Amino acid sequence: MSSSNSFKALSLLMMIAFAIVQTTMAGDPDILTDFIAPIGVPINGSFFTFTGMRALIDKDPPPTFHALKASKAEFPALDGQSVSYAALQFPPKSVNPPHTHPRSAELLFVVQGSLQVGFVDTTDRLFTQTLQTADMFIFPKGLVHFQFNADAKNPALAISAFASASAGLVSLPITLFNTSIDDNVLALSFKTDVATIQTLKKGFRP
Ligand SMILES: *[C@@H]1O[C@H](CO)[C@@H](O)[C@H](O)[C@H]1NC(C)=O
Ligand SMILES: *[C@@H]1O[C@H](CO)[C@@H](O)[C@H](O)[C@H]1NC(C)=O
């Protein structure tokens with residue numbers, strides 16, 4: 001083999017190895033420090049403490065579905081640590097509409113009540129389950145999923161863990177019907193007319 005050919009083979013091998021490493025990295029990129037703190041500001045234990053979840057016990061339950069997040073945005077000490085939480089509060093008959101988290105799987109733990117959950121994989125297969133208190137369910141990374149409290153009387157509460165400090169949220173109803181995607185594009189995509197699309201869009205405008 002000529003040296004130029006062996007160089008090409010080596011380059012190809014390195015590209016494949018790099019692609020494998022990329023696809024097997026489960027969390028956020030590694031950081032080269034113990035933690036990431038604001039520069040020039042003295043920190044102590046309070047920097048590593050998040051008290052925002054006290055709202056779960058101190059306040060009245062919300063009238064509609066509500067996600068209380070502890071991600072990098074609310075809790076800066078999570079930056080670089082590849083973890084975050086969300087507390088999901090479901091009044092009776094409320095839904096967390098179909099959505100995805102582009103940067104993480106979601107491990108949901110039902111703390112109170114029961115939930116109907118489901119996700120759709122990339123072959124359009126739907127997986128659903130009815131969860132009881134103390135059950136856990138895993139929503140694979142990036143797949144469209146939902147949760148529904150079908151109980152007409154009792155609320156439900158779930159805690160979700162993410163393998164990213166910033167899992168991200170793409171809510172399908174909002175992404176599709178509360179942004180400026182052209183009505184004609186949506187009408188063609190949903191095999192309907194512009195008037196139907198406009199009716200759907202109206203539901204999101206305050
Ligand atoms: C910790 O730091 C915060 C913010 O800089 C400050 O308000 C607080 O008093 C500090 N606590 C202690 C015990 O030093
Ligand atoms: C829809 O978009 C408008 C304008 O950006 C915003 O004020 C409103 O809160 C959004 N509605 C929802 C349900 O996100």
Q. Could you give the radius of gyration (one decimal) and Dmax (whole number) of the Cα atoms in the chain, in Å?
A. 21.8, 76
Q: Between residue 154 and residue 46, take the C-beta separation as r, use R0 = 30 Å, and let me know the FRET efficiency to the nearest 0.05.
A: 0.25
Q: Run the numbers on the chain and let me know its relative contact order in percent, using alpha-carbon pairs under 8 Å that are six or more apart.
A: 22
Q | Alpha-carbon centroids, region 145-206 and region 57-82: separation in whole Å | A | 20
Q: Please list the non-local residues whose amide H lies under 5 Å from the amide H of residue 75, H modeled 1.01 Å from N, same-chain partners needing a gap of 5 or more.
A: none
Q.
I'd like the Karplus ³J(HN,Hα) series for region 174-186: coefficients 6.51, -1.76, 1.60, θ = phi - 60°, whole numbers in Hz, and an x wherever there's a Gly or Pro.
A. 6, 4, 7, 10, 10, 10, 9, 4, 4, 4, 5, 4, 5
Q.
Per 0.36 nm of contour for each residue apart, how much would the distance between residue 144 and residue 178 grow if the chain were fully extended, relative to their Cα-Cα spacing?
A. 10.4 nm
Q: Across the chain, how many lysine pairs, 8 or more positions apart or on different chains, have C-alpha atoms separated by under 21 Å? Please give the number.
A: 8
**Q.** Candidates 62, 140, 91: whichever shows maximal mean-square fluctuation once the chain is modelled as a Gaussian network with Cα springs under 10 Å
**A.** 62
(Q) Just to check I understand the Karplus step: with θ = phi - 60° and J = 6.51 cos²θ - 1.76 cosθ + 1.60, what whole-Hz values come out for region 160-166, glycine and proline as x? (A) 10, 9, 10, 8, 8, 6, 8
Q | Dipole magnitude of the chain about its Cα centre (Cβ charges: Lys, Arg +1; Asp, Glu -1), debye to nearest 20 | A | 300
Q) With point charges of +1 on the Cβ of Lys and Arg and -1 on the Cβ of Asp and Glu, referenced to the Cα centre of the chain, which listed residue (40, 204, 112) lies farthest in the positive direction of the dipole? A) 204
Q) Using modelled amide H (1.01 Å from N, peptide plane; none on Pro or chain starts), what sits under 5 Å from the amide H of residue 104, excluding residues fewer than 5 places away? A) 142
Q) Relative contact order (percent) for region 113-183, with alpha-carbon contacts under 8 angstrom and 6 or more residues of separation? A) 31
**Q.** Förster radius 45 Å - calculated FRET efficiency between residue 36 and residue 95, Cβ distance, rounded to 0.05
**A.** 0.80
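Every number in this text was worked out from the coordinates using simple rules, so none of it is lab data. Note that the structure is predicted; figures quoted are calculated from it, not measured. FYI the Cβ positions are ideal-geometry reconstructions off the backbone, even for glycines, and counts take in every protein chain you see.
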